[in-house]
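What follows is a single structure, written as structure tokens, with notes after it.
Every number in this text was worked out from the coordinates using simple rules, so none of it is lab data. Treat the numbers as computed from the prediction; the structure is a model and nothing was measured. Every residue, glycine as well, gets a Cβ built from its backbone with ideal geometry; the counts of neighbours run over all protein chains shown.
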Amino acid sequence: MSKLILTLDGAVIREYPIEKDSLSIGRKHGNDIQLNDLTVSGRHALIISMGKHIYVDDLGSTNGTLMNGARVTKTLIKHGDVIQTGNYQFTFYDDTETEYEPTMFIQAEIEETQLINIKNKADSTTVKGEPLAGVKIINGPLANKTLELRKPFNTIGFNGIKTAMISRATDHYTISALKSYKLRRTSDAPMLNGKVISTESIRLKEKDIIELAGTKMEFFYLH
């Protein structure tokens with residue numbers, strides 16, 4: 001599913017799934033995404049779906065619409081592009097374009113470069129003031145393997161099927177399910193602390209247990 005992840009000053013505020021032909025962004029009431037910001041025009045921009053492609057279209061806004069730092073009018077957007085309207089930023093996420101880190105597939109081979117060395121965790125290249133977390137697999141053939149969650153979006157799954165995404169904000173992580181029509185069993189759906197998760201983001205806490213098709217992993221922060 002494609003969606004926009006709204007952030008302000010690096011903090012994730014809300015996620016907007018792109019489920020219709022257009023989403024309007026602006027300061028006035030009646031917009032699909034209303035931003036209370038004087039640097040945002042009343043009708044600022046549109047997100048337009050045309051077949052398999054999605055575009056951002058500036059509506060003649062006073063301060064313009066930026067994509068990856070450059071002012072744009074009507075432009076195709078791709079996974080990972082950052083759209084800025086006023087002080088707000090939208091990161092475009094498209095799970096059909098996302099490639100997994102091989103290490104994030106349960107029952108796949110793990111590259112040693114992706115493992116966290118617990119003994120030397122202080123040497124991590126974490127940005128100062130920004131938490132870094134990981135997950136430790138606690139059962140199955142990969143038990144005790146530990147994986148970093150360094151990227152803004154960390155997708156996880158099994159047998160080549162994407163099932164969930166862990167997002168990294170400035171001071172926390174969230175998890176949400178990715179819609180998949182390839183799951184053969186209901187029990188294959190991703191779970192958090194024994195409950196099936198939805199596409200709505202849930203904030204992760206230390207020692208939360210994530211489960212994928214019977215494989216369990218514990219979420220933790222590197223201190």
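Observations, loosely collected:
- Peptides 26-33, 148-155, 59-66 ordered by packing proxy, namely the average of other Cβ atoms within 10 Å per residue, highest first: 148-155, 59-66, 26-33.
- At an R0 of 30 angstrom, the distance between the Cβ atoms of Asn144 and Lys78 translates into a FRET efficiency of 0.20.
- Full extension of the segment from Lys207 to Asn68, taken as 0.36 nm per residue of separation minus the current Cα-Cα distance, would add 46.5 nm.
- GluC sites (Glu not before Pro) within region 1-97: DSSP coil, no more than 10 neighbouring Cβ in 10 Å: Glu19
- Length gained on full extension, Lys52 to Lys151, computed as 0.36 nm times the residue gap minus the Cα-Cα distance: 33.1 nm.
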